[in-house]
Amino acid sequence: MPTTKKKTQVTASPERRRELLDTAAEVFAAQGYNATTVRRIADEAGMLAGSLYYHFDSKESMLDEILSTFLNELWDGYDAVLGAGLGPRETIEALVTESFREIDRHRAAVAIYQKEARHLADQPRFRYLADSQVRFERAWLGTLERGVAAGVFRADLDVRLTYRFVRDTVWVAASWYRPGGQHSPEEIARQYLSMVLDGIAVDTP
């Protein structure tokens, strides 16, 4: 019985691999994962579809690396904030700022996560997306609850509603933010926080 030879994967330089993943991320973000073909990614990368398989065994592998890289970097930043011993307000400020920095670094990956995470999380390979969401919720809710208990945020604050508002209004920025634009991620975070915290912080005499 004839056997089919599998193509040997080639280890691309880190720079080339990053370029290919960036290209794939932009296509996934624009077209959706299911609607994107390997041929379309290859066309955007300026190579033949078959050549792309020398670098990645499937578009699923590309998506996995795009999302896991984004989340690993996000949690490196979040863990540093959460372990810094900051007060509740300062923690919220730092988490929001880190979120906008990640949108600046991984805008397409954030857009993919927003659109695809819910159904991808049902697949064993992407189970870490659901785990990350649990950690994400725990970090934000815990900080908001700590702020209410400490009298930093209003006693009547609905922390879960506030969490959902902050989560959705921060990450939706991936749909309009463009790196290198008029405002830096830090400036956008500062403007955003001035609007949000003026609404939930306790007035001080």
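Inside region 123-158, can you point out the residues that are part of a helix (DSSP H, G or I), open to solvent by 30 Å² or more (accessible area, probe 1.4 Å) and among the β-branched types (V, I, T)? Matches in region 123-158: V134, V148. Kindly establish whether S175 is at pLDDT below 90 and of a type in the set (S, T, N, Q). Against the criterion (at pLDDT below 90 and of a type in the set (S, T, N, Q)), S175 qualifies.
When region 163-183 is limited to residues that are in a loop (DSSP other than H, G, I, E, B) and open to solvent by 50 Å² or more (accessible area, probe 1.4 Å), the one that is farthest from Q114 (Cα to Cα) turns out to be Q182. For region 18-37, the criterion of being free of Cβ contacts under 8 Å to residues at least 12 places away in the same chain and open to solvent by less than 40 Å² (accessible area, probe 1.4 Å) is met by no residue. Just so you know, in region 96-122 the residues that are outside any helix (DSSP H, G or I) and surrounded by 15 or more Cβ atoms within 10 Å (Cβ to Cβ) include one that is farthest from the chain's Cα centre (by Cα), and it is A121.
The values are calculated or read from the model by the stated rules, or taken from the named source; none is laboratory data. All figures in this text were calculated on a predicted structure; none of them were measured in a lab. We place every Cβ from the backbone using ideal geometry, glycine too, and count neighbours over all the protein chains shown. Accessible surface areas use protein heavy atoms only, side chains included; no ligands, DNA or RNA. Shrake-Rupley method; radii C 1.70, N 1.55, O 1.52, S 1.80 Å.
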